[in-house]
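Q: Shown below is the structure under consideration.
The values are calculated or read from the model by the stated rules, or taken from the named source; none is laboratory data. For clarity, every value in this text was computed on a predicted model and none was experimentally measured. When we count neighbours, we look across all protein chains shown, and the Cβ atoms used for this are built from the backbone with ideal geometry, even at glycine. The area values use the complete protein model at the heavy-atom level, side chains included, leaving out ligands, DNA and RNA. Shrake-Rupley method; radii C 1.70, N 1.55, O 1.52, S 1.80 Å.
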Amino acid sequence: MSSAYQHLQTTLNQYYALSDKAWQAYLACCSIKEIAKGEVLYSLGERPKSFMFIHQGLMRAYVIDDDGHEYNKNFFAEGRFPGCMSALLNGEPTTIAIEAVERCQVVEINHQQFRAALFNDSDLMAFHIHYLEKHWLLEKEPKEISYLQYEAKARYLKFLANYHTLLPRLPQYHIASYLGITATQLSRIKKSLSTASLT
């Protein structure tokens, strides 16, 4: 078994220990794919048919406003499952795009096959519930609330706490976009924090 599939299996079992039958059903939905740096996996307006598991590399999810400005909504590194889930579930064009920030090796997962397997296997269903609870409730909701409550500097400090391992891998303009500020504003925040730490 390839290292990408081994990584996937280990990750799935961290959410819920799958039986061999459940793992084989999941594996049947999968294929390994290489993604070039800068490649857009799912473009705005596309109807996606799959989602990904990242074995190696880093991706960003972003939206574009009416003026053509990009805003990063999330970052995904090794062990995460980027995808346009609302579009997949509704069979609609996606309103969020996903791009490779680095060269990536991924496991591509056919969504239609995965959904069919999910409803036929209680282990896969249990895994899915645990995954959604962690990433769509326990992570996503507090993050969205924090953006309503905090000023830019506080949002940056929260970003440092949540994504500190990704900092060396992310260009500053991607971080600024995620925070909803300009690169110049981010530089000022970093300078003020640096100055404060010296006093």
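Q: For the chain, what is the convex hull (Cα atoms) projected area averaged across all directions, in square nanometres?
A: 12.4
Q: Would you list HIS164, HIS111 from the most to the least accessible area, probe 1.4 Å?
A: My answer, sorted largest first, is HIS164, HIS111.
Q: Follow-up. To the nearest 500 deg cm²/dmol, what mean residue ellipticity at 222 nm is calculated for the chain from DSSP H runs of n ≥ 4 alone, each contributing -39,500 (n - 2.57), summed and divided by the residues?
A: It lands at -13500 deg cm²/dmol.
Q: Right, another one. Putting +1 on Lys and Arg Cβ atoms and -1 on Asp and Glu Cβ atoms, find which of ALA117, TYR5, ILE64 reaches farthest to the positive end of the dipole of segment 1-157.
A: Of the listed residues, the answer is TYR5.
Q: A further question follows. What's the lysine pair count for the chain at a Cα cut-off below 17 Å, pairs eight or more apart or interchain?
A: For the chain, qualifying lysine pairs total 12.
Q: How much FRET efficiency would the formula 1/(1 + (r/R0)^6) give for ASP67 and LYS134, where r is the Cβ-Cβ distance and R0 is 45 Å, rounded to 0.05?
A: Calculated transfer efficiency: 0.80.
Q: Counting other Cβ atoms within 10 Å, keep those with at most 14, restrict to DSSP loop, and tell me which chymotrypsin sites (Phe, Trp or Tyr not before Pro) in segment 52-129 are left.
A: The qualifying sites are PHE119.
Q: How large is the dipole of the chain about the Cα centre if only Lys and Arg carry +1 and Asp and Glu carry -1, each at its Cβ, rounded to the nearest 20 debye?
A: 620
Q: Continuing with the same structure: log₁₀ I(q)/I(0) of segment 1-89 at q = 0.23 Å⁻¹, via Debye over equal Cα point scatterers, no solvent, to two decimals?
A: The computed values of log10 I(q)/I(0) come out as -1.32.
Q: OK, next. Between the helical axis of 152-163 and the dominant principal axis of the chain, each derived from Cα atoms, what acute angle in degrees is found, rounded to the nearest 10?
A: 40
Q: Relative contact order (percent) for the chain, with alpha-carbon contacts under 8 angstrom and 6 or more residues of separation?
A: 25
Q: With a 1.4 Å probe and all protein chains left in place, how much accessible area per residue does segment 1-90 have, in Å²?
A: Per residue, segment 1-90 has an accessible area of 50 Å².
Q: Between THR184 and ASN13, what FRET efficiency comes out of the Förster formula 1/(1 + (r/R0)^6) with R0 = 41 Å and r the beta carbon distance, rounded to 0.05?
A: E(calc), rounded to 0.05, equals 0.35.
Q: Mind pulling the angle between the C-alpha long axis of helix 140-149 and the longest principal axis of the chain? Nearest 10 degrees, somewhere in 0 to 90.
A: Helix 140-149 sits roughly 20 degrees off the main axis of the chain.
Q: For ASN110 and HIS164, what is the calculated FRET efficiency with R₀ set at 45 Å and r taken between the beta-carbons, to the nearest 0.05?
A: 0.85
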